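Only one structure is covered here, and it is reproduced in the block below.
The values are calculated or read from the model by the stated rules, or taken from the named source; none is laboratory data. Everything quoted here is computed from the prediction, not taken from an experiment. Counting neighbours? That spans all protein chains shown, and the Cβs are built from the backbone with ideal geometry, glycine included.
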């Protein structure tokens with residue numbers, strides 16, 4: 001059964017006309033639970049669950065050892081503890097896995113802002129909060145270079161070691177990622193039904209919803225992706241809604257069309273209820289949201305003239 005939620009206060013809970021909430025929390029809520037990557041649990045038949053060690057090439061062992069120990073917070077176990085012939089330092093993560101720094105005269109230059117080449121550390125929300133404090137205390141600017149691609153509830157900061165190796169430190173606040181976001185724009189008048197052809201999609205950017213006319217009637221689809229509250233765009237050439245955060249897709253009825261492996265049990269897009277004025281104009285109530293599992297024909301609102309004709 002669809003579930004309705006209201007915003008009785010009329011408070012503006014979402015950014016009007018923007019891609020993100022106006023005030024994104026600087027830190028996630030406190031939690032010691034390790035989040036699942038992309039919101040999906042690890043596969044039970046995964047071939048690899050852990051790794052034993054991670055080797056990093058450095059040009060100054062003293063400098064890098066101090067950075068990984070004091071800034072990152074790894075435990076120093078000692079130097080030249082393995083069969084590696086080059087000078088090296090062995091540090092341990094809190095998981096028991098090792099980071100081995102191996103000194104070279106020179107290393108290949110790492111391209112900054114090359115987001116496809118980086119190493120990621122997934123932390124609990126509390127670990128992430130402590131990491132931000134440690135980095136800030138060390139004089140390192142805490143920034144997210146890919147902030148425009150980070151969904152609601154995701155937290156990611158980019159740091160570089162003294163040799164330019166790129167790390168992303170990440171966590172996820174599952175509460176924020178899936179909370180209900182109400183536009184708080186009140187009732188939006190969308191004009192006469194005659195203005196819309198069957199199959200047409202119109203974005204009402206100020207209130208973050210799409211008005212869609214189907215053969216069954218009208219739907220007012222929320223722009224917030226049901227995966228992790230990214231903001232959707234409509235790709236007319238593909239007749240679909242697409243989320244730039246994690247590439248979830250939906251058809252014009254709001255049903256998901258993306259991989260069920262990557263997005264298991266993804267519900268349909270939320271709806272705003274539609275009514276019609278005495279003149280027959282379309283009215284969308286953005287202070288109320290209807291959550292649903294999938295599209296059903298009865299969810300589409302038919303104009304009064306169409307209802308009268310059917311009767």
Residue 278 is checked against (1) assigned to a loop (DSSP other than H, G, I, E, B); (2) over 23 Å from residue 151 (Cα atoms); (3) touching a residue at least 24 places away in the same chain (Cβ under 8 Å) and fails just one. What number does that condition carry?
(3)
For strands (runs of 3 or more DSSP E) lying entirely in the stretch 154-268, having 2 or more residues that are buried (at least 21 other Cβ atoms within 10 Å of the Cβ) picks out 154-160, 166-172, 209-214, 217-222, 240-243
Which numbered condition residue 72 fails, given (1) under 21 Å from residue 160 (Cβ atoms); (2) modelled with pLDDT under 90; (3) touching a strand residue (DSSP E or B) at 6+ places or on another chain (Cβ under 7 Å):
(3)
Of all residues making up the stretch 197-247, the number that are closer than 16 Å to residue 282 by Cβ and without any contact (Cβ under 8 Å) to a residue 24 or more places away in the chain
5
Residue 216 versus (1) touching a strand residue (DSSP E or B) at 6+ places or on another chain (Cβ under 8 Å); (2) modelled with pLDDT of 95 or more: which is the lone unmet condition?
(1)
Is the stretch 49-61 home to any residue that is at pLDDT below 65 and either in a loop (DSSP other than H, G, I, E, B) or under 24 Å from the mean Cα position of the chain (by Cα) (or both)?
yes
Give 290, 188, 233 a once-over and let me know the one that is in contact with a helix residue (DSSP H, G or I) (Cβ under 6 Å, 6 or more places away or on another chain) and not assigned by TED's automatic domain parsing to the domain that holds residue 156.
188
